[in-house]
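Read-outs throughout are calculated quantities, based only on the coordinates presented, and are distinct from any laboratory measurement. Keep in mind it's a predicted model, so treat the numbers as computed, not measured. Cβ placement follows ideal geometry from the backbone for every residue including glycine, while neighbour counts extend to all protein chains displayed.
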Amino acid sequence: MKKNMIPGSFQLMKKINTGLVLDTIRLYAPISRVEISKMLNLTPATVTNITAELLKRNIIIESDFGKSTGGRKPVLLKINPDSYYVIAVHIGSTKLRVSVMNMESEIICSLTEKLYPNMEFEKVKDIMIDFINQLIKEYLPEKNKILGIGVAAHGLVDFNNGTITFAPNFGWKNINLREILEREFDVPAFVDRDVRAMAMAESWYGEGREVEDFICIKVGYGIGAAFIKDKQQLRGASDGLGEFGHMKVEINGTKCICGNYGCLENYASERAIVRYAMENGYRDELDIEKIHEEVNKGNQKIIDAVKKAGFYLGLGISNLINIFNPRLIVIGGDLIDINDLFFDELLLSAKNYSLQELFQNVNIKRTQTGKDAITKGAALLVLDNLFDSIQKEVIS
Ligand SMILES: [Zn+2]
């Protein structure tokens with residue numbers, strides 16, 4: 001070791017290199033040791049040492065043989081999906097979902113419960129804790145295999161403190177969910193906004209995989225956005241960046257759940273479609289499934305309502321395009337998952353209201369991570385941070 005190196009810096013380098021190797025395997029698996037050392041500019045011996053430790057601990061496994069470039073075929077490495085597990089919790093506006101996930105963010109099993117407007121936190125908390133206990137009992141008898149709990153929550157969240165600052169649908173304020181879960185289950189817990197979890201899933205597995213920067217929009221019962229810059233979340237001064245649903249689109253507009261008037265969420269969400277449908281004379285109960293059903297049946301009242309909401313979302317998106325000049329916008333959520341009409345309409349108005357020079361350079365895509373994007377993202381909150389914990393274990 002060089003004399004001028006500070007004590008512990010060798011350990012630190014090893015920790016950083018282990019993290020880099022793990023990340024490279026996760027992102028590019030199946031991958032050979034030679035490819036890893038080339039990509040990371042590490043010596044083959046360093047990579048062999050690190051991967052030997054990871055193999056010994058069963059965190060990675062050998063998969064197939066790669067293509068030979070003359071000599072022996074190289075052994076390929078990948079993350080062992082079942083070395084550890086994560087509990088992923090999604091507290092949506094209308095639904096609670098608790099899942100057990102493996103290291104590749106695949107869902108092993110889930111429990112769900114319907115949630116209602118203004119539901120008390122204590123009630124939701126009791127169901128959540130009960131679900132987690134049930135899943136652990138049934139699927140994870142070895143408790144040391146649980147890396148942690150990741151929560152993707154509706155509303156405003158302070159990620160650093162693990163606090164739900166404000167959940168407008170339920171009226172919850174300042175709930176330190178991380179503290180509650182860590183006390184109850186004695187594993188690390190992470191809490192972030194649902195749209196940020198969706199963006200994370202998109203960044204690891206979806207459209208955002210190949211890019212450093214993109215905007216992710218979630219549209220369903222409400223509307224939110226996450227901004228990814230250099231593969232990291234942009235959070236703003238108080239972790240509130242991306243409240244796209246409260247962008248003003250009508251100066252004399254209707255009152256929003258935030259207390260203000262004319263917010264995009266009132267004009268482009270599932271709630272807006274229900275209101276438009278009633279204005280068009282539709283009298284039955286309407287939820288997301290029913291909206292899709294009626295559109296497919298050709299019900300003109302609902303088709304017009306969906307088109308109007310799509311128009312407003314596109315208008316909001318044109319403002320984002322004009323301000324941020326993004327290369328990629330990925331859109332997900334209940335309204336996007338199963339409806340072409342809505343997506344086509346928003347594309348049209350985004351185009352019509354953007355500066356054309358900027359619109360030409362933006363790619364607007366639907367999420368590829370599907371209905372489970374937020375649950376996958378909740379698991380990634382843990383995996384992203386827990387690669388750190390695994391490294392500590394490997395180094396110590
Ligand atoms: Zn609002």
Of all trypsin sites (Lys or Arg not before Pro) in region 84-115, the ones in DSSP coil with at most 12 other Cβ atoms within 10 Å are none
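Sort 213-219, 255-261 by packing, meaning the average of other beta carbons within 10 Å per residue, with the highest value first. Intermediate values should be presented prior to the final figure.
Numbers: 213-219: 26.6, 255-261: 13.9.
Per-residue Cβ counts within 10 Å, averaged per peptide and sorted highest first, yield 213-219, 255-261.
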For Ser32, other-chain or 5+-apart residues with amide H closer than 5 Å (H placed, Pro excluded) are Leu77
For the chain, one quarter of the surface area of the C-alpha convex hull, expressed in nm², comes to 23.8 nm²
Any lysines whose Cα falls less than 22 Å from that of Lys125, other than same-chain ones fewer than 8 residues away, would be Lys95, Lys114, Lys137, Lys143, Lys173, Lys376
Under the Karplus relation with 6.51, -1.76 and 1.60 and θ = phi - 60°, whole-Hz ³J(HN,Hα) for region 288-293, x at Gly and Pro, equal 4, 5, 5, 4, 5, 4
Taking a straight Cα-to-Cα line shorter than 23 Å from Lys351, and setting aside same-chain lysines fewer than 8 residues away, one finds Lys218, Lys248, Lys307, Lys308, Lys365
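Could you order the peptides 363-372, 263-272 from most to least packed, using the average number of other C-beta atoms within 10 Å per residue? Please list the in-between numbers first.
Numbers: 363-372: 17.1, 263-272: 25.2.
Most protected by this proxy first, the peptides run 263-272, 363-372.
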Expressed in angstrom and ordered largest first, the alpha-carbon extents of region 209-368 along the principal axes are 47, 32, 26
Taking a crude spin-label model, label points 7 Å out from Cα along the C-beta direction, the Ala29 to Asp126 distance in nm is 4.0 nm
Mean projected area (nm²) from the convex hull of Cα positions in region 65-142 is 7.3 nm²
Of all DSSP beta bridges having both residues in the chain, the percent classed as antiparallel (nearest 5) is 65 percent
Expressed to two decimals, region 91-240 has a Cα Rg over Rh, using the Kirkwood radius, of 0.95
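Peptides 186-192, 158-164: what's the order by average Cβ count within 10 Å, highest mean first?
On the way: 186-192: 20.9, 158-164: 18.1.
For the peptides 186-192, 158-164, the packing ranking is 186-192, 158-164.
Would you calculate a helix-derived [θ] at 222 nm for the chain, using -39,500 (n - 2.57) for each DSSP H run of n ≥ 4 and dividing by the full residue count, to the nearest 500?
Working: 14 runs with 175 residues, N = 396.
The helix-only estimate for the chain comes to -14000 deg cm²/dmol at 222 nm.
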For region 257-327, the Cα-Cα pair-distance distribution in 5 Å bins from 0, as whole percents, is 3, 17, 24, 20, 15, 10, 7, 3, 0
